[in-house]
Structures are given as structure tokens and as C-alpha cells.
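Colleague: Let me give you the structure first, and then I'll get to my questions.
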Amino acid sequence: MRPFSALEVSQQSNGVCRDLAHLVIALVRSLSAPARYVAGYLCGLVPQDMHAWLEVFVGGGWYVFDPSQDSTRSGRVVVAYGRDAADVAITD
């Protein structure tokens, strides 16, 4: 299954964590703010699987944003950072 583009996710108003992270990264970068894609694990997800979110550089530091979660959660285990999912592909 091919990943959706940011435009497709916006038009469909849904997607998995990877799709939503890409959409928000595109929006943040359109404002000329640095943003990076993060792949890893988020404790407490059921089923426990790889997860994606983004970080935005604001005021001298990187801040976590997770558009697929409706509340703030701790317990993030970062596996890789990149510009997008292609940079941090865990499997082929």
C-alpha cells in the first residue's frame, strides 16, 4: 500500500500516524519552521507497534507533536529521525 500524500490526507480527513505526521510536517514547513519525522514506539498503544509523530524546532528546542493521539502521552522510544518516512524506513 502506498503512503498518502499530504494533500490526500487533508482531503480525506483521515489516515494512520505516518500519514498525519506527514501532513502536519508539510503544514509546519510551509510556515518556514523546521520539522522532523520521528519513528519509534509509544508505550500503551494497542496493539504495540511502530508509531510515527513529529518534532518542531521552536524557541531553541525540539517539541513533540503527535496528531494521531487525542491526549499527551509519555513513554516515547525514538528509533529514528528523518525528513520523512522514507528516511527512517524500518523494513523494506
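Quick note: the coordinates plus some simple rules give every number you see, no bench work behind them. All values derive from a computational prediction rather than experimental measurement. Counting neighbours? That spans all protein chains shown, and the Cβs are built from the backbone with ideal geometry, glycine included.
Colleague: I need the phi-derived Karplus couplings for region 48-58: 6.51 cos²θ - 1.76 cosθ + 1.60, θ = phi - 60°, integer Hz, Gly and Pro marked x.
Modeller: 6, 8, 4, 9, 10, 8, 9, 10, 10, 8, 9
Colleague: Could I ask something else about it? From the helices alone, meaning DSSP H stretches of at least four residues, give me the mean residue ellipticity at 222 nm for the chain, per-run term -39500 (n - 2.57), in deg cm²/dmol to the nearest 500.
Modeller: Taken over the chain, the calculation gives -7000 deg cm²/dmol.
Colleague: Which residue, chosen from 62, 88, 77, occupies the Cα position most advanced towards the positive end of the dipole of the chain, where the dipole is computed from +1 (Lys, Arg) and -1 (Asp, Glu) charges on Cβ about the Cα centre?
Modeller: Going by the charge dipole, the pick is 62.
Colleague: Order these by the 10 Å Cβ neighbour count, fewest first: 46, 77, 28.
Modeller: 46, 77, 28
Colleague: Next question. Report the trypsin sites (Lys or Arg not before Pro) located in the chain that are in a DSSP loop and have at most 12 other Cβ atoms inside 10 Å of their Cβ, or state none.
Modeller: When the trypsin sites (Lys or Arg not before Pro) of the chain are filtered for loop state and at most 12 Cβ neighbours within 10 Å, 83 remain.
Colleague: Dividing the alpha-carbon radius of gyration of the chain by 2.2 N^0.38 Å (N being the number of residues), what value is obtained?
Modeller: 1.04
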